[in-house]
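Chemist: Sharing a structure with you now.
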Amino acid sequence: MSTLQEYLRFLVTLTAVLDPFLAIPIFVGVTASLDERSRRRLAEAVTLTVFLVLAGAALFGEALLRLVGASLQAFQVGGGLVLLLMALAMLSAKVGEMRQTRAEAAELEAGERSGVVPLAVPLLAGPGAIGTTIIAAQAGGIAHALVLVACIGLVSLVLWWMLRLAHAVGARMGMTGLNVATRLLGLVLAAIAIETMAVGLKRLFPGLAG
């Protein structure tokens, strides 16, 4: 993975996996009783957490795979399956339990969590986003990993901007508009997930390539 096109693909994939449109109504609900300063601080905390988790995955994820003895090919198949399950939930305009369980959602609604957890992790920087980053960082060297970190920073800036304007965007787009955007991202993510699984299966079973 070294061409501009592949880095652009990573940007699109990560944006689709994070899906800020899906996070907007949740963020609005969590911050409904907060003042503007508190909303801004929470948006910054969520964005910074997402960036640090994914940057860590880009820099150390492959080493972690080697440590536990998991092959990249198997991880591609498993990661692709996770992305596909997330995409199917997005096509139904649902959060899906891959991102957030009912218990986590209940804790958030009851105010038992600060919003950073589980909004940043695992709703945004969850298994799908972490898996996508580790797969993209495969055997690329430190320079490649740093470019990926820069891409993560760019996506994080978009996420921060969306959360900062969450109340205005939510009011302007409405639930229907947000759901349509989520479904479109889900369609893109489904195609990427199937391709990721196909590449992993071909590497695990070379006979399939014929």
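The values are calculated or read from the model by the stated rules, or taken from the named source; none is laboratory data. Nothing here was measured: the structure is a model prediction, and the numbers come from that model. Every residue, glycine among them, receives a Cβ derived from its backbone with ideal geometry; neighbour counts consider all protein chains shown.
Chemist: Among the residues of region 143-179, write down those that are exposed (fewer than 14 other Cβ atoms within 10 Å of the Cβ) and among the β-branched types (V, I, T).
Modeler: Hit for region 143-179 is T176, nothing else.
Chemist: List pairs: first residue in region 140-165 and touching a residue at least 12 places away in the same chain (Cβ under 8 Å), second residue not in a helix (DSSP H, G or I) anywhere in the structure, Cβ distance under 8 angstrom, at least six positions apart or on different chains.
Modeler: Here the result reads G140/M1; G140/S2; H144/M1; H144/S2; H144/A137; A145/A137; L148/A137; L148/G140, each pair linking region 140-165 to a residue that is not in a helix (DSSP H, G or I).
Chemist: Quick test of your reading of the structure: D19 fulfils all but one of (1) modelled with pLDDT of 90 or more; (2) on the phi > 0 side of the Ramachandran plot; (3) more than 14 Å from the chain's Cα centre (by Cα). Name the failing condition by number.
Modeler: Every listed condition holds for D19 apart from (3).
Chemist: Can you name the residue in region 82-96 that is part of a helix (DSSP H, G or I) and within 14 Å of the chain's Cα centre (by Cα) and, of all such residues, is farthest from L123 (Cα to Cα)?
Modeler: Residue satisfying both the conditions and the ranking: L84.
Chemist: Name the residue, out of S33, S38, S71, that is of a type in the set (S, T, Y) and under 22 Å from G131 (Cα atoms).
Modeler: Just one listed residue meets the conditions, S71.
Chemist: Can you report the number of residues in region 169-184 which are basic (K, R) and within 25 Å of T13 (Cβ to Cβ)?
Modeler: Here the count works out to 1.
Chemist: Being within 25 Å of L154 (Cα to Cα), of a type outside the set (V, I, T) and modelled with pLDDT under 95 is true for just one of A74, A63. Which residue is that?
Modeler: That would be A63, the only listed residue that is within 25 Å of L154 (Cα to Cα), of a type outside the set (V, I, T) and modelled with pLDDT under 95.
Chemist: Tell me whether region 111-124 contains one or more residues that are exposed (fewer than 14 other Cβ atoms within 10 Å of the Cβ) and part of a helix (DSSP H, G or I).
Modeler: No.
Chemist: Taking the conditions exactly as written (touching a Gly at 6+ places or on another chain (Cβ under 9 Å), closer than 26 Å to A143 by Cα and buried (at least 18 other Cβ atoms within 10 Å of the Cβ)), does F27 satisfy them or not?
Modeler: no
Chemist: Output yes when any residue across region 143-152 is at pLDDT 90 or above, closer than 20 Å to F21 by Cβ and under 18 Å from the mean Cα position of the chain (by Cα), and no when none is.
Modeler: yes
Chemist: Here's another thing I want to ask about it. Test of understanding: among R39, R99, which residue is assigned to a helix (DSSP H, G or I), in contact (Cβ under 8 Å) with a residue 12 or more places away in the chain and among the charged types (D, E, K, R)?
Modeler: Going through R39, R99 in turn, just one is assigned to a helix (DSSP H, G or I), in contact (Cβ under 8 Å) with a residue 12 or more places away in the chain and among the charged types (D, E, K, R): R39.
Chemist: Report whether or not V50 is of a type outside the set (G, A, S), buried (at least 22 other Cβ atoms within 10 Å of the Cβ) and at pLDDT 95 or above.
Modeler: yes
Chemist: Just wondering, is there one or more residues in region 12-32 that are among the aliphatic types (A, V, I, L, M) and over 23 Å from M173 (Cα atoms)?
Modeler: The answer is no; no qualifying residue exists.
Chemist: Hey, another quick one. Under the condition of being among the hydrophobic types (A, V, I, L, M, F, W, C) and more than 22 Å from the chain's Cα centre (by Cα), which residue from region 180-210 is surrounded by the most Cβ atoms within 10 Å (Cβ to Cβ)?
Modeler: Once the filter is applied, the top-ranked residue is L201.
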